[in-house]
Amino acid sequence: MDRYPAHLEPLPRPGPAPGAPDPGQVDPQVLGALLHRHGWLRRGGAAGRYGRWTPPDRAGTSLLVPESRGFPDCADLVEEALTALSRSGVPSAREVLLGLSVPSDEVRWEREVPQGPYGFQGEAAWPAQERLRSAARRLLLAGALADRARAGYYGARHRAQAERFLDGVLVGPAPGGRRLAAYVPVAGGRGAVTRLHHALHAAREAVDYRRATGGMEAFDAAVAAGVSRELAEALVSLVRGSEGARIALAWAPAAGVPAGCAARPEPVEFSPGDLPVLREAAARYTRAEPAVAVRIAGAVVRMRRSASGGGGTVRLRVLSGADVPYVRAALDEEGYRTAVHAHLAGMPVRVSGRLSRRGGFRRLTGASDVTPVPLDEMERDRLMKSLDAAYDADDVLPSDD
């Protein structure tokens, strides 16, 4: 008796693993550029037709990559190369596939830290790894803030929009805790990376100027390039506890080079000797940033006063007029009464004042001219639902409790 069916189906042709980029959408020139960036070496191949690429240290299968779509077997060779990459154990293979799937600019951090507590070469202690990730996030956030607006100190301004930008950033593996890579999609993220590129070089030049001449004027001019208190503090966090740190950027080959940027940006390095200057710059930016005159519309979400009469303090969820989620304002008796009535009626209020840098631009000083904003029933219901949905305990300042 036959144990196997008489008609066997041919084995399917092996293809790229699930999640790999579509071979038909891959530009072979972009594939070659990514292989070169991640340490693969071209060793031979027909000039003008295809090249043979071997992984770093020759530890793995070589790839045949055509130089253009005009090569007759371009589609087949690209598919075979993607299949080999998806099955390769070489760490850089994953990064190449990621760069093909989502065109991304790459930001890489490297910290020179002492050996771990047990002396294993190349390993960093847990706190050092956490510091690297935290500092990298703060640097990306500083770049996103600078992409929204130029300021020496942002505080809470534009922070919600900048943090939403981080949702699309992918982080690569960081063996040893000394290196970290982030992949920022070009769609929606290139502006932040471009601004970070300019800000890092401007900060490096300003630090060198301060150490050479003793003057801090270069930091004032560097604000236009994106340098801020947030960037300076992120650099302090990155360098502190290390023997030095460097940040390198590389542009997505599929998207080209942004206007005004070098095709291959030089890495920017900072050392422990730069820390006093960076701390001085952060303090200078905090002192120099002026208060901002605003007239905001906001919903009253908290009220407090020490006695039954007189004025009190209110917390407003900002609806318009300022780029912060919440502000706190001290009101006189009449203004406080108006805010209470508006809260009971489910209406927002308008109030004028100045956003003070103290507390991160979350305090409204000199608050005056408090007036309710009339709403119809539908708008009032929509407002109340949005307040319930948007409340976040993290937005409440500890000093309010």
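Things worth noting here:
- Among all positions in the range 78-86, there is no residue which is within 27 Å of the chain's Cα centre (by Cα), buried (at least 20 other Cβ atoms within 10 Å of the Cβ), over 21 Å from Ile247 (Cα atoms) and modelled with pLDDT of 80 or more.
- Failed item, numbered, when Gly70 is tested on (1) touching a helix residue (DSSP H, G or I) at 6+ places or on another chain (Cβ under 7 Å); (2) within 21 Å of Pro23 (Cα to Cα); (3) modelled with pLDDT under 80: (1)
- On inspection, Val227 qualifies as assigned to a loop (DSSP other than H, G, I, E, B), buried (at least 17 other Cβ atoms within 10 Å of the Cβ) and under 18 Å from the mean Cα position of the chain (by Cα).
- Considered as a group, the residues in the range 132-159 that are of a type in the set (A, V, I, L, M, F, W, C) and farther than 20 Å from Ala187 by Cβ include one that is surrounded by the fewest Cβ atoms within 10 Å (Cβ to Cβ), and that residue is Ala149.
- Listed by first and then second residue, the pairs with beta-carbon distance under 9 Å, at least 6 apart or on different chains, first residue in the range 156-171 and farther than 21 Å from Arg133 by Cβ, second loosely packed, with under 14 Cβ neighbours inside 10 Å, are Arg157/Ala149; His158/Ala149.
- Those helices (runs of 4 or more DSSP H) of the range 103-213 in which 2 or more residues are outside the structural domain of Arg358 (by TED's automatic domain parsing) and modelled with pLDDT of 95 or more occupy 126-148, 186-213.
- Set Arg315, Arg328, Arg305: member being modelled with pLDDT under 90 and either over 30 Å from Met216 (Cα atoms) or more than 30 Å from the chain's Cα centre (by Cα) (or both): Arg305
- Looking across the range 73-110, the residues that are touching a helix residue (DSSP H, G or I) at 6+ places or on another chain (Cβ under 7 Å), closer than 30 Å to Val193 by Cα and in contact (Cβ under 8 Å) with a residue 60 or more places away in the chain come down to Leu82, Leu85, Ser86, Val96, Leu97, Gly99, Leu100, Pro103, Ser104, Asp105, Val107, Trp109.
- Figure legend. Inter-residue proximity from the range 41-55: first residues over 18 Å from Glu80 (Cα atoms), second residues at pLDDT below 80, beta-carbon distance below 7 Å, spacing 6+ or different chains. Indicated pairs: Gly48/Glu67.
- Residues of the range 176-200 that turn out to be buried (at least 19 other Cβ atoms within 10 Å of the Cβ), in contact (Cβ under 8 Å) with a residue 60 or more places away in the chain and under 17 Å from Val239 (Cβ atoms), as a count: 5
- Output for the range 214-224, where each listed residue is touching a residue at least 24 places away in the same chain (Cβ under 8 Å) and part of a helix (DSSP H, G or I): Phe219, Asp220, Val223, Ala224
The values are calculated or read from the model by the stated rules, or taken from the named source; none is laboratory data. Predicted model, so just to flag it, every value in this text is computed and none were measured. No Cβ is skipped: glycine too gets one built from the backbone with ideal geometry, and neighbour counts run over all protein chains shown.
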